[in-house]
Structure formats: C-alpha cells, structure tokens
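What follows is one structure encoded as structure tokens, with my remarks underneath.
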Amino acid sequence: PHADSSFCPSLPRAPPSSARSMAAVPSEAEVRVMPIVKLRGIIDELGLPVKKNVGNAGRTKEDVLNEVLEALVPLRQSQQKVAAVPGSASAVTAADDTVAPQSAEDRSIEVPYCSDNDLDACSLQRLKDIIDAEGLQVSKMVGGNAGRKMSDIVLDIKEARALGPAARGCSAASSSRARAATSRRPLAPSGPLPWQVSGGSVGTMHVGNFVVSKLMLSQPEDAEKECCFLSLLFEGRSQGTEMKLPSASSGSEAAEKAFQADGRTYELVASKVVEDDHAWHGMKQKNVRCLYVATSGPGLDNIDVARELEKVADFSALPSIRKVASRLELMLSTTKRQNFLNLRADSFEMLQAEPMSLEGDPMSDGCGFIPYDLLQQCFGKAAQLGVQVRIFAPTLGVFKGVLCAKKGIDKIQLFPSMRKVPPSQTCSDDWVALLVLRVYPSAGSLKMGKRLAGDKPPKLPEAKPLSPMIQVLWKTLGVPADLLDKLKKKARDEKAEHAFVVGVGDPTDSIPEKHIFVTGLPVSTVFVTRTPCVKATDGQLLRCIVTRPEGMSEEIWEWLRSLPFGSLIFSTKGAAPMPASLAEGDLDGDLYFVCWDAALLASVRPRGASECKAAEEAERSEVDALAEAEKKAEQQHEEAKPPAWRDGQWFPRAQAHMIDGKVLRERNDIGKIYKAWEKMVDGSPEGMDNFDAKQLAAAYVQALDRGKHGGSIDLPEHLRKLVNLK
C-alpha cells in the first residue's frame, strides 16, 4: 500500500505478561451475524483451530461459521468455570466484559509433565497449559494467515525445551522437567528467539485483514503528477493498495471488499493484475492493484459508490459480471494530471455509419478521429498522428481506443466499436473527461524517422533484440537461419530496418482495398505482424501506396506524405478488416511490427489465411468441427441474453469477481500455455506447423481473451496435462 495513515491504523500495544487478558468469547447469536472478515478476526484473536479460507473444495462462509461455533464451545465453558471462582481475576473483570487469561497458572491447575513423545496426543488446551506451566516462549495461536497447526505448536515446544531454561525464562523447578528434543524443525520457530527483540508483532500495520509487508513512498508533488479517472472522480476519498496475487493454497480472496481505517469505511471499486516493478532482487511477481473509495467517515458525506458510477455510465447494461470488472479496470488507466482534458459533449460526434465487413465486423475497430489542428493545439507540434485515449461521459458512455488525426473535421468523431459502456441512465450532465495515455508518434518513432530521413538523431533508438516470437514466425515462413542471424546482428548494431508503429484506420477513406500506408516510410511492400504471433498466418506481406490513389485529393495526399514515421494506416475497404488477419489485432492502441529489410522481404513466404484454414480443417475431425460450431452458437446465445442483475446488485457481484483469487490466477495460464507452445515449436522440425503447437496457439489466444470475454480453454487431455491446466 502507499504510505498513508488511513491504511496504517495504530494498533494497541500488548499489556505486560502479568496483566494479559483476552477478549470475551462472543455469544452464538453474535457470531451468527458476523461477516467473514469479522469471523477471521475472531479466529486470529482467540487462536481457534479453524481455517479462514473459503472457495477451495467448495468451502463456504457457512462452513467457517459452523467450525467457529464448534471451537468456541470449550472456550466458553472454560471461561464460565473460571468466572465462578470467588475473587478471581475473571470474576472481577466480568462486569467489564473481559475474561482472565487461559493459562494454567491463573486457573491454579497442576499440569503433569508430558514427554516429547506424548505431545502429539495432547489436545490444544493441554498444549497451551504446558507452555504456561513450563514458561516456554512459544506462540499458542493456531490458524492465521500462515495456517498454523497444532503440530507446529508441538514442534515449537520441543525446540523451546531444547533451548534450555535460560533461553526460556522459566523457573528451575519447571526446567528440571524439560527434556532434550528428539528432532528439530528445519525452519525458524514461530515464537521469538532469544536474540530477537520482543513485542514486534504489536506494531504490525494492517489494511483490513491483510498485513502491510512493504511501503512505497513518494514525494507529494510526484504523487499528484499521475492519476487515474477514479482518483479524480473520488478525489480526497480514494486510496490504492497492491497485494501479492494469492496462490491456490492461500485462500480464495485476493483483497478485501471493504475495510475501516481512521473512522472511515472504504469500499473496493476496481482492481487489476500488474507486475511488481519494484520487487527485490529483480524477481518480478504478479500483484493485485486495488483502488478503494471512502464511502463514509469524519468530514465526509455518505455516498453510494454504485450510484456514483451509474452517473458516469450504465454498467448494469453490460452482458456479464466479467465485462463489468474489465470495464471498471479501464478507470484505473494512469496518466499525468495534465493529460486529462475537461471537454463538453458538444465537442464530440457519434458516427453510426462505421465501415463494416461483409460479416458485420467493424473495419476500424477501436479507432476514431480528432481534428488535426485540435490535436496539435492540445499536445504541441510533435503530436501529428494521434493519441490513445480513455473517454468518460454521462451522455456518451465509456470509450477506449485511438483518435487518429484527420483533416477537414471540427469535432472528435467516435465510432460504436470504441464504446465499452453505454451512456448513463441516471445522469444527463454534458461533461466529458478525456484521458490521454499516449501521444503519437512516440519518441522512438521520431528518432527512427530522423534516421530514415538521413539525419542523425541526437540519440539513436535503443537497440532492442528481435522478439523470439517473430524469429520463430520468420523461420516457419521460410527465412533461412543465416539471414536470421544477420537480422539479429543489425538489430543489435542499431541498423535494423524494422520498428513497431501504432495501427490506425484510414482518415482519408481513400486507401484502396488490401493496401496500407506507413507514414514516413516510402516503400512499396512491408512485412507486418503483431505480437503475440503464435500462428503461421499472423505475418503477412502488405502492399503500401506510394502514389496518390484515385479519389484522394492532392491536398490530402501531400498531407499524408508530410506525416512523420510512426503509424500504419489500414484501408477500411474490403470484405474483412485487415488488422484481424494479423494475430487478431485491432486499432484501439495495438502496435504492429513493420519490417522493410529487402533480404527479408525476398525470402519470407507468408501463408494465405485460406490456405492455412484448409490445412487445419483437414487435420480436424468432423466431431471437433461440430463441437466448435455448437460452442460458438451457445456463446452467441449467452451474449444475446439480457443482463441478469437488473435487481441493482451488479456492483457487489463485480466486487466479488474482482478479488476472486481463482479468477485472478487465470492469467497464470497464459504464461504456462505460451511456455508449452514455445517448447513444442522449438522441439519439432515442423515448428509452428506442428498440430499440437497449433492447438496450443489457439488455446493461448483463448487465454488472452478470457479475462474480458470469459469462456473456456479448449485443449485435448494430453495437452491439458502437459500445461497443467486444472
């Protein structure tokens, strides 16, 4: 979590051992109405031998509740007996709702010595009595985040006995009963060692039921430079956290839905899985980044987060909870504060006549247009190609994509394919928040453009090695090994004739079918692909226009030729969208790999999509084809159903989905499938043409799409075992 006092409530210090007390055991009625977070707190506070996780093996909150009730019975009976002793500490404090410590000494119980060999047969209470009677420095808690068990207490008792009386701090009489341990644990004991400073656990900071293990500090001015839409919408109320992505064995929830700190109640609004760039020793791990909003507390008006979000867009109209969670994630997109533009709805034009393919797919999926003059007015003369944006507006909805520079318009033009959430049904305010993530051309494209123009840039583009995916694709498409080595060397020597550029739709509506235009690159043919490229059809040779096409004015042609290197403009004419043939790309910010190396263009032999499809159909059985057709029909039927949460419960269901550990861990399958595909391709003389490799490639694409669209991963049983898919 970020270093903020609202996430770090001060915890009370433990009283001295002579004055120790524990909280009163709650009644059965009190326990039955507790939320899961409170139940977990009771388990930790009273050291109950109950697992706190839910979800695994179908375990529910009801199971945790019943086990807690069962574990409280002996504690409640024991406290009642102690409270009945006249003049005892528990009798005196009963009026204050506190109870006496559950130690053998306080209950005046004589505890017979128990040998190490007999400890395994002892009950939990007996083990606690032994710890008290012998003065052992051993934690009596079970459960907790570490899943501490009775067997751990037994091992700690044995180790504490082996340390001797000086280290244990017990009396000579009790130490005479200690025996040397017959075995030692390979890990450090849970209790403090003789050389450790005592009382450290008291100062542990928490966020809800989670322990703070690391703080990220920043200067106030730096923290204000970057923000997301949610942090501005709920300014003064929002707080962010990051937690490790939980393993399958550590529980089902990756974060809290809500928690309290400094008198404020915080609710989860959005989450996303990110890589920890600040992990120690360079070992990256996946974290869950969450944003919480204070809904009530001192100095705050109470708010309903769901109602506030519905004023921005109609999230309840989305077809699935998975879609809701992914669209809320768009609100976590971060940029500099100065890259937020406050506009009005009349500055936008919603175009319904979007160019469509014969099959009804948008030809420029994810791309709209911005007036060329407005683009430069807002972002300077260097911004000549476009911007990647997120747009939030009550009367328009939520949009994601790229706004490509266009001549001859005076409003920002949006297409339906860019809209991710429909307009609000509860708010008609005309404000528009436009968040700019990237400006094109990029710094690297500008430097490459200078090199192409014969000018030596102040600093050459950073030399980057060729992607292994692209090398495998080229090898599959017939590029010889010696040429691959030369291309890799050219990349290292900063002489590469390839680059990544942003893909956009045609702002002139004049580029002929199956043609492209690469700004700042006067060549007739280029090799184009997009990563990840795991299929032989993912790379194509495309023809570039080098002379003014029919129907394009002289003025527009000269404007196109004047644009700097950095964008690939696709034709929006034809039977199918061109980006979709390149590793199923679109135009909402995807970068495309463009290569104009003459030797590469002469040797590569691209596969036609129809050719590969025919080969795949020949390899598949009729049963497989029928099953795939049935699955597609079922998916279309499900998507056509109206939302099932018009009861107003879309937000709590989305919250549960956003912190579901099983859902968040789905992203781990992406890496596992890719590694299996990579190994399969490297180990087979057929490369990408290996049939199992093709199936893994298809599963990899499914895994990438599952986060937003859901669905299963189709793999035969032998490949599921290879990948270790559950």
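Can you name every residue in the range 347-360 that is of a type outside the set (Asp, Glu), in a strand (DSSP E or B) and open to solvent by 30 Å² or more (accessible area, probe 1.4 Å)? Even if it seems obvious, please write down each step before you answer.
Of the residues in the range 347-360, the ones of a type outside the set (Asp, Glu) are 347-348, 350-353, 355-358, 360.
Next cut, in a strand (DSSP E or B) only: 348, 350, 356.
If the condition is that a residue be of a type outside the set (Asp, Glu), in a strand (DSSP E or B) and open to solvent by 30 Å² or more (accessible area, probe 1.4 Å), then Met350, Met356 are the ones that fit.
Candidates Ser6, Ser17, Ser10: the one that is open to solvent by less than 30 Å² (accessible area, probe 1.4 Å), on the phi < 0 side of the Ramachandran plot and modelled with pLDDT under 80 is Ser6. Scanning the range 493-533 for residues that are hydroxyl-bearing (Ser, Thr, Tyr) and assigned to a loop (DSSP other than H, G, I, E, B) gives Thr508, Ser510, Thr519, Ser524, Thr531. Please verify whether Ala279 is small (Gly, Ala, Ser) and either touching a Cys at 6+ places or on another chain (Cβ under 6 Å) or at pLDDT below 90 (or both), treating the condition exactly as stated. Yes: the conditions hold for Ala279. Inclusion of Gly408 among residues that are within 18 Å of Ile569 (Cα to Cα), in a loop (DSSP other than H, G, I, E, B) and either among the aliphatic types (A, V, I, L, M) or out of contact with any strand residue (DSSP E or B) (no Cβ under 7 Å at 6 or more places or on another chain) (or both) is warranted.
With respect to Gly566, determine if the residue is at pLDDT 95 or above and open to solvent by less than 50 Å² (accessible area, probe 1.4 Å).
On the way: at pLDDT 95 or above: yes; open to solvent by less than 50 Å² (accessible area, probe 1.4 Å): yes.
Answer is yes for this residue.
Could you grab me the full set of residues in the range 535-553 that are under 19 Å from Leu477 (Cβ atoms) and either among the polar types (S, T, N, Q) or in contact with a Leu (Cβ under 8 Å, 6 or more places away or on another chain) (or both)? Residues satisfying the conditions are Ala536, Thr537, Asp538, Gly539, Gln540, Leu541.
Would you mind listing the helices (runs of 4 or more DSSP H) fully within the range 596-686 where at least 2 residues are open to solvent by 50 Å² or more (accessible area, probe 1.4 Å) and modelled with pLDDT under 90? Outline the logic, then answer.
Details: elements: 598-603, 609-619, 622-640, 650-658, 661-664, 666-683.
Correct list: 609-619, 622-640, 666-683.
Can you give me the number of residues within the range 516-552 that are in contact with a Cys (Cβ under 7 Å, 6 or more places away or on another chain), over 18 Å from Gly585 (Cα atoms) and not small (Gly, Ala, Ser)?
At the first step, the residues of the range 516-552 found to be in contact with a Cys (Cβ under 7 Å, 6 or more places away or on another chain) are 516-518, 523-527, 536-537, 539.
Still in the running and over 18 Å from Gly585 (Cα atoms): 523-525.
Filter again for not small (Gly, Ala, Ser), leaving 523, 525.
Number of matching residues: 2.
The single condition among (1) at pLDDT 95 or above; (2) open to solvent by less than 30 Å² (accessible area, probe 1.4 Å); (3) of a type outside the set (Ser, Thr, Tyr) that Glu554 does not satisfy is (2). Taken over the range 231-245, the criterion of being of a type outside the set (Asp, Glu) and part of a strand (DSSP E or B) is satisfied by Ser238, Gln239, Gly240, Thr241, Met243, Lys244. Of all residues in the range 549-576, those that are touching a residue at least 24 places away in the same chain (Cβ under 8 Å) have Cβ atoms under 7 Å from Cβ atoms of residues that are aromatic (Phe, Trp, Tyr) and open to solvent by less than 70 Å² (accessible area, probe 1.4 Å), 6 or more apart or on another chain, in Leu560/Phe517; Gly566/Tyr440; Ser567/Tyr440; Leu568/Tyr592; Ile569/Phe517.
Does the range 26-49 contain at least one residue that is assigned to a loop (DSSP other than H, G, I, E, B), at pLDDT below 75 and surrounded by fewer than 17 Cβ atoms within 10 Å (Cβ to Cβ)? So far as the range 26-49 goes, no, none of its residues is assigned to a loop (DSSP other than H, G, I, E, B), at pLDDT below 75 and surrounded by fewer than 17 Cβ atoms within 10 Å (Cβ to Cβ). Please indicate, with yes or no, whether at least one residue in the range 320-328 is small (Gly, Ala, Ser) and touching a helix residue (DSSP H, G or I) at 6+ places or on another chain (Cβ under 6 Å). Within the range 320-328 (the criterion being small (Gly, Ala, Ser) and touching a helix residue (DSSP H, G or I) at 6+ places or on another chain (Cβ under 6 Å)), the answer is yes, since at least one residue qualifies. Under the condition of being open to solvent by 10 Å² or more (accessible area, probe 1.4 Å) and closer than 17 Å to Asp689 by Cα, which residue from the range 526-535 is modelled with the lowest pLDDT? The residue in question is Pro532. Residue pairs whose Cβ atoms lie under 9 Å apart, separated by 6 or more positions or on different chains, with the first residue in the range 698-712 and under 15 Å from Val723 (Cα atoms) and hydroxyl-bearing (Ser, Thr, Tyr) and the second modelled with pLDDT under 75 and open to solvent by 50 Å² or more (accessible area, probe 1.4 Å), are Ser712/Lys631. Taken over the range 361-374, the residue count meeting the criterion of being open to solvent by 40 Å² or more (accessible area, probe 1.4 Å) and more than 31 Å from the chain's Cα centre (by Cα) is 2.
Sort through Arg337, Arg344, Arg390, Arg327 and tell me the only one that's within 30 Å of Ile659 (Cα to Cα) and open to solvent by 30 Å² or more (accessible area, probe 1.4 Å). Break it down stepwise before answering.
On the way: Arg344 fails: within 30 Å of Ile659 (Cα to Cα); Arg390 fails: open to solvent by 30 Å² or more (accessible area, probe 1.4 Å); Arg327 fails: open to solvent by 30 Å² or more (accessible area, probe 1.4 Å).
Only one candidate passes the filter, namely Arg337.
Hey, any hits in the range 486-497 for a residue that's free of Cβ contacts under 8 Å to residues at least 12 places away in the same chain and open to solvent by 20 Å² or more (accessible area, probe 1.4 Å)? Yes: one or more hits. Could you tell me whether the range 427-438 includes any residue that is in contact with a Cys (Cβ under 9 Å, 6 or more places away or on another chain), among the hydroxyl-bearing types (Ser, Thr, Tyr), open to solvent by 50 Å² or more (accessible area, probe 1.4 Å) and touching a residue at least 12 places away in the same chain (Cβ under 8 Å)? The answer is no; no qualifying residue exists. Within the range 296-309, residues that are among the hydroxyl-bearing types (Ser, Thr, Tyr) reach partners that are open to solvent by less than 50 Å² (accessible area, probe 1.4 Å) with beta carbons closer than 8 Å, at six or more positions or on different chains, in the pairs Ser296/Thr265; Ser296/Ile303. Taking the criterion of being modelled with pLDDT of 85 or more and crowded, with 16+ Cβ neighbours inside 10 Å, the residues of the range 261-276 that qualify are Ala261, Arg264, Thr265, Tyr266, Glu267, Leu268, Val269, Ala270, Ser271, Lys272, Val273. For the range 282-297: of the residues being at pLDDT 75 or above and among the small types (Gly, Ala, Ser), which is farthest from the chain's Cα centre (by Cα)? In this case the residue turns out to be Gly297. Scanning the range 498-515 for residues that are of a type in the set (A, V, I, L, M, F, W, C) and crowded, with 21+ Cβ neighbours inside 10 Å, we see that the one that is nearest to Gly589 (Cα to Cα) is Val502.
Of the residues Ala83, Ala71, which is of a type in the set (Gly, Ala, Ser) and either buried (at least 19 other Cβ atoms within 10 Å of the Cβ) or at pLDDT 80 or above (or both)?
Ala71
In the condition set (1) surrounded by 17 or more Cβ atoms within 10 Å (Cβ to Cβ); (2) in contact (Cβ under 8 Å) with a residue 60 or more places away in the chain; (3) among the hydrophobic types (A, V, I, L, M, F, W, C), Phe691 is compliant with all but (1).
The values are calculated or read from the model by the stated rules, or taken from the named source; none is laboratory data. This structure is a prediction, so every number in the text was calculated from the model and none was measured. Reconstructed Cβ throughout: ideal geometry from the backbone, glycine too, with neighbour counts over all protein chains shown. In case anyone asks, the SASA skips ligands and DNA or RNA and just uses the protein heavy atoms, side chains included. Shrake-Rupley method; radii C 1.70, N 1.55, O 1.52, S 1.80 Å.
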